[in-house]
Amino acid sequence: MQNLELVYLAIPLLCLAAAVGAGFLGSRIGRTHSHRAAIAGVGSAFVLSCWVAWDVFHGGYFNGPVYTWAVSGGIQFEIGFLIDPLSAVTALFRLGRRWARVLFVDWVLVRT
């Protein structure tokens with residue numbers, strides 16, 4: 001079993017970076033490059049989620065904190081991930097569907 005904590009964190013951050021790049025920088029970099037940023041971000045997140053799913057289906061599991069949000073009266077409030085077979089299948093389905101939608105929008109709006 002590999003240590004994939006950075007991969008778990010990279011999947012949502014790649015989608016966030018693609019959305020920020022396409023949303024805030026879209027008017028500066030143009031429609032074509034904006035679509036390419038979205039396709040690259042979501043596509044690479046999908047590929048990483050395939051890697052995570054492969055690891056989970058071969059016995060991998062992760063339930064741990066990413067960082068501590070607050071401490072109050074000795075109680076820690078942590079933000080973390082739970083990576084199990086259900087979350088792996090959900091990530092594959094949602095990212096695959098999102099990547100297909102981004103590719104379709106690129107094909108329809110940019111190419112025509």
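Details
- A Förster radius of 30 Å, combined with the Cβ-Cβ distance separating residue 17 from residue 71, puts the computed FRET efficiency at roughly 0.55.
- Percent carbon-and-sulfur accessible area, the chain, ignoring ligands, DNA and RNA, probe 1.4 Å: 67
- Rounded to 10°, Cα long-axis angle of helix 26-57 versus longest principal axis of the chain: 40
- With a cut-off of 14 Å between beta carbons, the residues surrounding residue 67 carry a summed charge of -2, where Lys and Arg count +1 and Asp and Glu -1.
- For segment 1-79: Kirkwood Rh in Å [reciprocal of mean 1/r, alpha carbons]: 14.7
- Listed residue (81, 9, 66) projecting farthest to the positive dipole end of the chain, Cβ model: 9
- The heavy atoms of residue 31 present about 150 square angstrom of accessible area, all protein chains included, probe 1.4 Å.
- Only Cα pairs under 8 Å and 6+ residues apart enter the sum, and on that basis the relative contact order of the chain stands at 27 percent.
- Solvent-accessible area per residue for segment 1-41 (1.4 angstrom probe, square angstrom): 66
- Summarising the label geometry, the points placed 7 Å from Cα in the beta-carbon direction at residue 47 and residue 105 lie 2.2 nm from one another.
The values are calculated or read from the model by the stated rules, or taken from the named source; none is laboratory data. Treat the numbers as computed from the prediction; the structure is a model and nothing was measured. Ideal geometry is used to build each Cβ from the backbone, glycine not excepted, and the neighbour counts take in all protein chains shown. Quick note on the areas: whole protein, heavy atoms, side chains included, nothing else; ligands and nucleic acids left out. Shrake-Rupley method; radii C 1.70, N 1.55, O 1.52, S 1.80 Å.
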